[in-house]
Amino acid sequence: MKSRKIIRKTGIIFLAAASCMNAFCTYIFVKAFGRKKETSRTHKKKKNSAREQKMADSIEARKRWLKKRPFEEVRIRSYDGLKLYGRLYIPSFKDNIPEKPVIILCIHGYHSDGIGDFAPFAPFYAKNNFIFCLVDDRAHGQSEGKYIGFGYHDRYDCISWTEYLVKRFGSSCCIYLHGISMGAATVLSCCSAKQLPPQVRGVISDCAFSSGWDQVAHVLRTHMHLPAFPLLSVYNKICQAMGGYNLKHINPVNCVKSSKVPILFIHGDEDHFVPTSMVYRLYHACKGHKQLLIVRGAAHAMAYLTDPRAYQKAFLDFIKRCEKKH
């Protein structure tokens, strides 16, 4: 009788613990991957130094500059029926649009939006006569969606945007995918896709994570001070049930192994949110044409603001090399 009571109590305790863990992971998922009313730039952080304040001021100045530029509002449908929103900026060419226009498709990061992450790049794009499209990922900005796709659903959305751009500017256009953080993981996740149009000439990946599983495990351990095991397995089941994706299936490091296009990898050596070690994993896994830029002193998604000259040079050199191949 005593043994039965012990077994029963143990079972009750186990079920209670499992229920609490499930509720806790559901709470984390909704907080982490649910839509927020306000977005903040991917690399926004507490301004605790004169350098960081200067960067924050620069971001705001670029936003003001961008808001004065003319743009076209663009809306497309995702593969699963969501309305996705984007802003298309076309330079004032002296004549007509070039026969082979260069288009930058910009995919932002976690809890940000197109303007939030890419306003700093806008003057650079414009100076080089690039057409650029700033899109809002699902569950961000003006795009529909209840939960963030974390790169899984977004990779299909990214391909849909490239298809739209080809229809809009013709089969001779040259498209480059520029992603930051989660957006970088997104563009890497679709670089080997059969559906990727041949007009996509290359990918610029800025501080991508190597896999969804490893990234969430890293955040649990270093930012939330929680053990990855067994929380991550339970959390992954919540992701599947509510978000419609398995973290193990978000695997940019596998996608780059068979990339159809060249890749420029960029990362800051002071990135503690997506550890710098991940870019080396990605770079070494890539079997095709690749370049690597490590920006000294750059925190997460701060590479461009930390060293814009090095970033711009690597960016333009990469595009020139890609264009020579065609």
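The values are calculated or read from the model by the stated rules, or taken from the named source; none is laboratory data. Just so it is clear, the model here is predicted, and its values are computed rather than measured. All Cβ positions, glycine included, derive from the backbone under ideal geometry; neighbour counts span all protein chains shown. Accessible surface is based on the protein model in full, side chains and every heavy atom, while ligands, DNA and RNA are left aside. Shrake-Rupley method; radii C 1.70, N 1.55, O 1.52, S 1.80 Å.
Tabulated values for the structure
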{"item": "Pair list, Cβ < 7 Å and 6+ apart or interchain, from the stretch 275-292 residues that are over 22 Å from residue 320 (Cα atoms) to residues that are among the small types (Gly, Ala, Ser) and open to solvent by 40 Å² or more (accessible area, probe 1.4 Å)", "result": "none"}
{"item": "Selected residue (criterion: nearest to residue 190 (Cα to Cα)) from residues of the stretch 74-118 that are acidic (Asp, Glu) and more than 21 Å from the chain's Cα centre (by Cα)", "result": "99"}
{"item": "Residue in the stretch 61-71 that is at pLDDT below 85 and either in contact with a helix residue (DSSP H, G or I) (Cβ under 9 Å, 6 or more places away or on another chain) or open to solvent by less than 70 Å² (accessible area, probe 1.4 Å) (or both) present", "result": "no"}
{"item": "Of the criteria (1) of a type outside the set (S, T, N, Q); (2) touching an Asp or Glu at 6+ places or on another chain (Cβ under 7 Å); (3) more than 20 Å from residue 281 (Cβ to Cβ), which one residue 184 fails", "result": "(3)"}
{"item": "Residue list for the stretch 265-317, restricted to those being among the aromatic types (Phe, Trp, Tyr) and part of a strand (DSSP E or B)", "result": "265"}
{"item": "Residue in the stretch 168-175 that is in contact with a His (Cβ under 9 Å, 6 or more places away or on another chain), at pLDDT 95 or above, surrounded by 18 or more Cβ atoms within 10 Å (Cβ to Cβ) and farther than 19 Å from residue 88 by Cα present", "result": "no"}
{"item": "The stretch 85-123, residues that are open to solvent by less than 10 Å² (accessible area, probe 1.4 Å) and outside any strand (DSSP E or B)", "result": "101, 108, 109, 112, 114, 116, 117, 118, 119, 120, 121, 122"}
{"item": "Residue list for the stretch 205-246, restricted to those being touching a Ser or Thr at 6+ places or on another chain (Cβ under 8 Å) and part of a helix (DSSP H, G or I)", "result": "238, 242"}
{"item": "Verdict on residue 193 being hydrophobic (A, V, I, L, M, F, W, C), more than 23 Å from residue 70 (Cα to Cα), outside any helix (DSSP H, G or I) and modelled with pLDDT under 95", "result": "yes"}
{"item": "The stretch 248-262 - residue that is β-branched (Val, Ile, Thr) and out of contact with any Ser or Thr (no Cβ under 6 Å at 6 or more places or on another chain) and, of those, surrounded by the most Cβ atoms within 10 Å (Cβ to Cβ)", "result": "250"}
{"item": "Check on residue 147, out of contact with any strand residue (DSSP E or B) (no Cβ under 7 Å at 6 or more places or on another chain) and under 27 Å from residue 255 (Cα atoms)", "result": "no"}
{"item": "Test result for residue 314, at pLDDT 95 or above and small (Gly, Ala, Ser)", "result": "yes"}
{"item": "Residue within the stretch 201-218 that is within 19 Å of residue 322 (Cβ to Cβ) and polar (S, T, N, Q) present", "result": "yes"}
{"item": "Any hit, the stretch 155-177, residues being among the aromatic types (Phe, Trp, Tyr), within 17 Å of residue 114 (Cβ to Cβ) and part of a helix (DSSP H, G or I)", "result": "yes"}
